[in-house]
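K.L.:
I'd like to ask some things about the structure below.
The values are calculated or read from the model by the stated rules, or taken from the named source; none is laboratory data. Since we're looking at a predicted model, the values are computed, not measured. Virtual Cβ from ideal backbone geometry, glycine too; neighbours counted across all protein chains shown.
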Amino acid sequence: MNNLLVNNLNLATFNASSKVWLFTADKTLNEAQQVSIQMDIDSFCSNWDSHGVGLKATGFILFSRLLILIVDESFHTISGCSMDKSISFIKNVEIKYKISLFDRLLQSALVNNEWQTASTAIWSEKLKSNEINFETLFIDTLVNNLYDAQHHLTKNLGSFWLKRII
């Protein structure tokens, strides 16, 4: 599952400690939305700077719901102002596509070979009803560097922090 990031050729020149930010959409993005959002991401990343210095940045969509931004700070350090620019960009994506990307109570899991996004309360109900179990894969949106995103983006519920909550 994580091989999607490991094998991404756009990331071959990025340092393993590159910063990663993950934003989960509250609904599945259709193909047209994904193409359009990817164009927005590409445009934003190519113009993203820190105090006038361009950042080595990229981004993409995974699993039709996960927006990922990556900055290689070995090239140039990201600043508070450039972080503000990324937040503004994400908010604009939310408005333009009528989606929510900042709801940290949403988690995504692979259920019956399909990614689903729901609140922790819903996942708790699904665990009680045996619709999911401790082997169910979840996306760990708390990963914060490229290495972890490439190797630990998905975790089964048994080894995932959400297990303690639900």
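K.L.:
Considering every residue within segment 139-147, establish whether at least one is touching a helix residue (DSSP H, G or I) at 6+ places or on another chain (Cβ under 6 Å), in contact (Cβ under 8 Å) with a residue 60 or more places away in the chain and surrounded by 18 or more Cβ atoms within 10 Å (Cβ to Cβ).
P.N.:
Of all residues in segment 139-147, those touching a helix residue (DSSP H, G or I) at 6+ places or on another chain (Cβ under 6 Å) come to 143.
Retained after the next criterion (residues that are in contact (Cβ under 8 Å) with a residue 60 or more places away in the chain): 143.
So of that shortlist, the ones also surrounded by 18 or more Cβ atoms within 10 Å (Cβ to Cβ) come out as 143.
Yes, there is a match, as at least one residue in segment 139-147 is touching a helix residue (DSSP H, G or I) at 6+ places or on another chain (Cβ under 6 Å), in contact (Cβ under 8 Å) with a residue 60 or more places away in the chain and surrounded by 18 or more Cβ atoms within 10 Å (Cβ to Cβ).
K.L.:
Which one of these does ARG65 not meet: (1) crowded, with 19+ Cβ neighbours inside 10 Å; (2) in contact with a helix residue (DSSP H, G or I) (Cβ under 6 Å, 6 or more places away or on another chain); (3) within 14 Å of ASP26 (Cα to Cα)?
P.N.:
(2)
Conditions (1) assigned to a loop (DSSP other than H, G, I, E, B); (2) within 25 Å of GLN150 (Cβ to Cβ), marked per residue:
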position	(1), (2)
SER46	no, yes
GLU73	yes, yes
SER82	no, yes
LEU127	no, no
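K.L.:
Related question: Just checking, does segment 27-43 include any residue being more than 21 Å from LEU153 (Cβ to Cβ) and in a loop (DSSP other than H, G, I, E, B)?
P.N.:
yes
K.L.:
Counting just the residues of segment 41-57 that are of a type outside the set (S, T, N, Q) and touching a helix residue (DSSP H, G or I) at 6+ places or on another chain (Cβ under 6 Å), which one comes out surrounded by the fewest Cβ atoms within 10 Å (Cβ to Cβ)?
P.N.:
Top of the filtered list is PHE44.
K.L.:
Taking the criterion of being outside the structural domain of ASP140 (by TED's automatic domain parsing), of a type in the set (Phe, Trp, Tyr) and within 26 Å of THR120 (Cα to Cα), would at least one residue in segment 28-47 satisfy it? Write out each step before concluding.
P.N.:
Looking only at segment 28-47, we keep the residues that are outside the structural domain of ASP140 (by TED's automatic domain parsing), and these are 28-47.
Checking which are of a type in the set (Phe, Trp, Tyr) leaves us with 44.
Remaining after also requiring within 26 Å of THR120 (Cα to Cα): none.
No - not one qualifying residue is present in segment 28-47.
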